[in-house]
Amino acid sequence: MREGIHPEYLDATITCACGASFSTRSTAGSYTVDICKECHPFYTGKQRMVDTAGRVEKFRAKFAKAEKLKAEAAEREEAKAATTPTDAG
């Protein structure tokens, strides 16, 4: 290998949001991750919602709003049908 062109390859500690950590080597240094083998559903067999920046809650709120609008529209249609006289011929 040529001298002076490669980055330093130092010891690093990777820390997960669940609290687990392990040592490795990296050119980027130590850092944190959101999910690791200790808490990933594939390895644990347990489902877990990973909510980054409130996206899950934002989706649920949007879905609830859509359901509310559908229910209101259905009520308006029922009320309109009940008040409109029908032609009996």
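The values are calculated or read from the model by the stated rules, or taken from the named source; none is laboratory data. Please read these numbers as outputs of a predicted model, since none were measured by experiment. Reconstructed Cβ throughout: ideal geometry from the backbone, glycine too, with neighbour counts over all protein chains shown.
Any residue in the stretch 3-27 that is free of Cβ contacts under 8 Å to residues at least 24 places away in the same chain and aliphatic (A, V, I, L, M) sitting within a Cβ distance under 9 Å of a residue that is assigned to a loop (DSSP other than H, G, I, E, B) and surrounded by fewer than 10 Cβ atoms within 10 Å (Cβ to Cβ)? List the pairs, counting only those 6 or more apart or interchain.
Sorted first by the residue in the stretch 3-27, then by its partner, the pairs are Ala12/Ala28.
Checking the conditions here, which among Ser26, Ser21, Ser30 is surrounded by 10 or more Cβ atoms within 10 Å (Cβ to Cβ), over 25 Å from the mean Cα position of the chain (by Cα) and at pLDDT 85 or above?
Numbers: Ser21 fails: over 25 Å from the mean Cα position of the chain (by Cα); Ser30 fails: over 25 Å from the mean Cα position of the chain (by Cα).
From the options Ser26, Ser21, Ser30, the qualifying one is Ser26.
How many residues are hydrophobic (A, V, I, L, M, F, W, C) and touching a strand residue (DSSP E or B) at 6+ places or on another chain (Cβ under 9 Å) when one looks only at the stretch 1-19?
Total satisfying the criteria: 5.
Considering Ala81, Ala61, which residue is at pLDDT 85 or above, of a type in the set (A, V, I, L, M) and surrounded by 10 or more Cβ atoms within 10 Å (Cβ to Cβ)?
Criteria check complete, one pass: Ala61.
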